[in-house]
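Have a look at the structure below before the remarks.
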Amino acid sequence: MRRKLAAGNWKMNGTGEALTALEAIAGAHPAATVDLLICPPATLLYRAAQAVSGSRVRIGGQDCHAANAGAHTGDIGASMLADAGASAVILGHSERRADHGETDAQVCDKARAALEAGLIAIICIGETLAQREAGQTLDVVCAQLAGSVPDGIDGTQVVIAYEPVWAIGTGLVPTLDQIAEVHDTLRQQLIGRFGSETAEAIRLLYGGSVKPGNAAEIFAVSNVDGALVGGASLTAADFSPIVTALEQAAG
Ligand code: PGA
């Protein structure tokens, strides 16, 4: 059975004082029955990992380079993230695809590097509003899935986050039927490619304006194994009820 995952993406937010929010999140769930992950900016990784040591919260990065080391000014290798205390990394977030022109092939290379470094790879995919309105959603997410996920994976080490670009940071959320349609399709695609044992181990997160007020209904949707949460992961007041809703969905 897939263990549910509540993951927070802090994006480019937070300096040292944000560690108090992290401690509050960890302190609110000392016996969490779901996996908890917070991905702070790279500058906070080491301190964040120290701050949650001994708690249920794990720490992740927000990107890594496809190479482990070398002449890549400003970049961070997957093993460096692991060395700083990360156990996972978000890859191919739509903001990186948009701001840095990341392609599926690059995301796939990064995922391979992350897995080799022992990190869980959280691979993000999702359609734009124009693509949804043109009826291309399933084609787009299936192409991204095919291109961004490496071959030969261990399903427990890969997480797919379905994040419609138009739902990120906007307060807009797809209907529950729309989420189910995408997640069910992704599961079928993964089964077709990797076989059911691997595919059934891969967790599928929904991301995009997940809030305390809508988390429970989203977590009741088939093939939703948790959430990747942006804005609402920055405080325990917002993130904790989302964690609790996920625990209730896990039963
Ligand atoms: P949001 O961001 O929850 O603020 O919409 C989600 C994400 O970008 O992962």
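Looking across region 84-119 at every residue that is surrounded by fewer than 18 Cβ atoms within 10 Å (Cβ to Cβ) and within 16 Å of the ligand (Cβ to nearest atom), the one that is nearest to residue 140 (Cα to Cα) is identified as 98. Which residue is nearest to the ligand (Cβ to nearest atom), if the candidates are limited to region 121-135 and must be buried (at least 17 other Cβ atoms within 10 Å of the Cβ) and hydrophobic (A, V, I, L, M, F, W, C)? Checked region 121-135; the qualifying residue nearest to the ligand (Cβ to nearest atom) is 124.
Among the residues of region 208-224, those that are buried (at least 16 other Cβ atoms within 10 Å of the Cβ) and more than 15 Å from the ligand (Cβ to nearest atom) comprise 221, 223. Residue 81 fulfils the conditions (1) open to solvent by 10 Å² or more (accessible area, probe 1.4 Å); (2) out of contact with any His (no Cβ under 9 Å at 6 or more places or on another chain) except for a single criterion, (1).
Considering only residues in region 225-236 that are under 21 Å from residue 12 (Cβ atoms) and more than 10 Å from the ligand (Cβ to nearest atom), the one that is most open to solvent (accessible area, probe 1.4 Å) turns out to be 235. Residues that are in contact (Cβ under 8 Å) with a residue 40 or more places away in the chain and within 16 Å of the ligand (Cβ to nearest atom) are absent from region 149-157. The residues of region 2-42 that are farther than 18 Å from residue 245 by Cα, open to solvent by 20 Å² or more (accessible area, probe 1.4 Å) and under 19 Å from the mean Cα position of the chain (by Cα), listed by number, are 11, 12, 13, 14, 42.
The values are calculated or read from the model by the stated rules, or taken from the named source; none is laboratory data. Please read these numbers as outputs of a predicted model, since none were measured by experiment. Here Cβ is always computed from backbone atoms with ideal geometry, including for glycine, and neighbour counts include all displayed protein chains. Accessible surface areas use protein heavy atoms only, side chains included; no ligands, DNA or RNA. Shrake-Rupley method; radii C 1.70, N 1.55, O 1.52, S 1.80 Å.
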